[in-house]
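To start, the structure itself, in structure tokens.
Read the figures in this text as sums done on the coordinates, not as results from a lab. Keep in mind the model is a prediction, meaning the values are calculated, not measured. Here the Cβ positions follow ideal geometry from the backbone for every residue, glycine too, while neighbour counts run over all protein chains shown.
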Amino acid sequence: MTSLTSRDPTEKEPIVGPSHSILGTYKRAPMEFVRGEGVQLFDANGKAYLDMASGIAVNALGYGDEGIRKAIVTALDSGLVHVSNLYRTEPGEELAHLLVSKSFAETAFFCNSGAEANEGAFKFARRWGRNVASDAKTGIIALRGSFHGRLFGSLAATDRPSYRAPFRPLAGGISICERDLKVLDSALDAETVAALIVEPVQGEGGVRVLEMPFLQELRRLTAERGIALIFDEIQCGLGRLGTLFAYQSFDVVPDMITIAKPLAGGLPMGAILVSTEIGATIKAGDHGTTFGGGPLVSSVALEVVRRVSDPTLLTAVRENGAWLGETLRAIGRRNGKVRAIRGMGYMWGLDVVEKASSVIERGWDAGLLVISAGEHTIRLLPPLVMTREELGRGAGLLEKILS
């Protein structure tokens, strides 16, 4: 039997090429990025790449943004990077007030990632369910095609068998239902279900836009039966659809929303926005976080939220996004290798006949960054500041590599 500690920890090997010291949970691209400017990244050889992935929907304001830089410098100059949530700081409280004032919510909880936000939302839903009904009201339901994270609770709500199988048994009391109103009508039991979690646009699940009537009917059913409706807006929220929050694009008001990715401009931050009714049942000690909502990340998030809530930017995302959709459909008609195109705003998916990984790798050679949303789906998540001209350049490169 080989000892886990058989290697001499003092032995060192020179780093040549990609580091093998990082645990291999990601298959990383070969290039090493050293600089970003606007909507482009530059590798160690000086090659430029037009970024239509924006760090998986994180870098909404692109790279080298002066507002983010100033927010970071100002926060660092205060000397307050972290004080813990045992004490008050102005940036966190101001950010919470800003998010609440622009949404349906009464309160906000800050954490460090989207998966943490969803885990916290599940806890809040169960706390509320027990408070308003009984100890039986604990069930969480997610939809087919969903992705809500990779922690135990959020993974149980994620419809990716390959992600789930190695880590069973997952958290109990969480199930996945078909995107079918008849099935959901049966599953949404008022006595046993605490919450239904929904991505209005399923990102990892293929960029599938859920139809407005479907979401509105889910709102009616959950409200009628006293079940909390959670919108996971981690990828599709904060301006990506052309409204500050995704729920505003569908004329549906949920009970909680979870946000993360672009929230703090690339620094780790997530949040749960909570309705008055659910928030009233959460007591001190019910949940916690050491780092969530610290003064540095909150200072940057204030800058980001103010910018992505600007009506001029949101209008540009809606109009340019519609133009991008038509441009992509035209490419699909000319190309013959695109089976379907879905999306809205600055969030689009293209189903292609070949493996998405092959298209992505050809993009590296062409200086274009796109990502996948399944084995045969190319996903576009450009920075929200990308102009129509830049979107057109990206679409042109995409058409070239698809050919």
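The table below lists the values:
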{"read-out": "Lysines whose Cα lies under 20 Å from that of Lys102, excluding same-chain neighbours fewer than 8 positions away", "value": "Lys261"}
{"read-out": "DSSP beta bridges in the chain [antiparallel fraction, %, rounded to 5]", "value": "65"}
{"read-out": "For the range 117-131, 3J(HN,Hα) per residue [Karplus equation, 6.51 cos²θ - 1.76 cosθ + 1.60, θ = phi - 60°, Hz, x = Gly/Pro]", "value": "4, 5, 4, x, 4, 5, 4, 4, 5, 5, 4, 5, x, 5, 6"}
{"read-out": "Burial order of peptide ranges 203-209, 227-233 (average beta-carbon count within 10 Å, highest first)", "value": "227-233, 203-209"}
{"read-out": "Highest average packing first - 394-400, 119-125, 75-81, Cβ atoms within 10 Å", "value": "119-125, 394-400, 75-81"}
{"read-out": "Extension reserve of the Thr290-Lys47 stretch, reckoned as 0.36 nm per residue once the Cα distance is removed", "value": "83.5 nm"}
{"read-out": "Nonlocal amide H pairs with Cys177, under 5 Å, H built at 1.01 Å", "value": "Ala142, Leu143, Arg144"}
{"read-out": "Fraction of beta bridges assigned by DSSP in the range 78-308 that are antiparallel (%, nearest 5)", "value": "40"}
{"read-out": "Global form of the range 92-248, assessed from the alpha-carbon gyration tensor, a/c cut-off 1.5", "value": "rounded"}
{"read-out": "Amide H contacts under 5 Å for Val385, placed H, 5+ residues apart", "value": "Gly62"}
{"read-out": "Net dipole in debye of the chain [+1 Lys, Arg Cβ; -1 Asp, Glu Cβ; about Cα centre; nearest 20]", "value": "720"}
{"read-out": "Theoretical FRET efficiency, 1/(1+(r/R0)^6), r = Cβ-Cβ of Ser21 and Ser403, R0 35 Å, to 0.05", "value": "0.35"}
{"read-out": "Calculated from backbone phi, Karplus (6.51, -1.76, 1.60) coupling profile of the range 198-208 in Hz, x at Gly/Pro", "value": "9, 8, x, 10, 7, x, 5, x, x, 6, 9"}
{"read-out": "Ordering of 257-264, 111-118, 129-136, 218-225 by packing [mean C-beta count within 10 Å, highest first]", "value": "257-264, 111-118, 218-225, 129-136"}
{"read-out": "Exposure proxy ranking, count of Cβ atoms within 10 Å, fewest first, for Thr89, Thr387", "value": "Thr387, Thr89"}
{"read-out": "Under-5 Å amide H pairs with Gly266, H placed in peptide plane, nonlocal only", "value": "none"}
{"read-out": "Furthest towards positive pole of dipole, Ile68, Ser175, Ala57, structure part the chain, Cβ charges", "value": "Ser175"}
{"read-out": "Computed label-point distance, nm, for sites Glu217 and Ala366 using a 7 Å Cα→Cβ extension", "value": "3.9"}
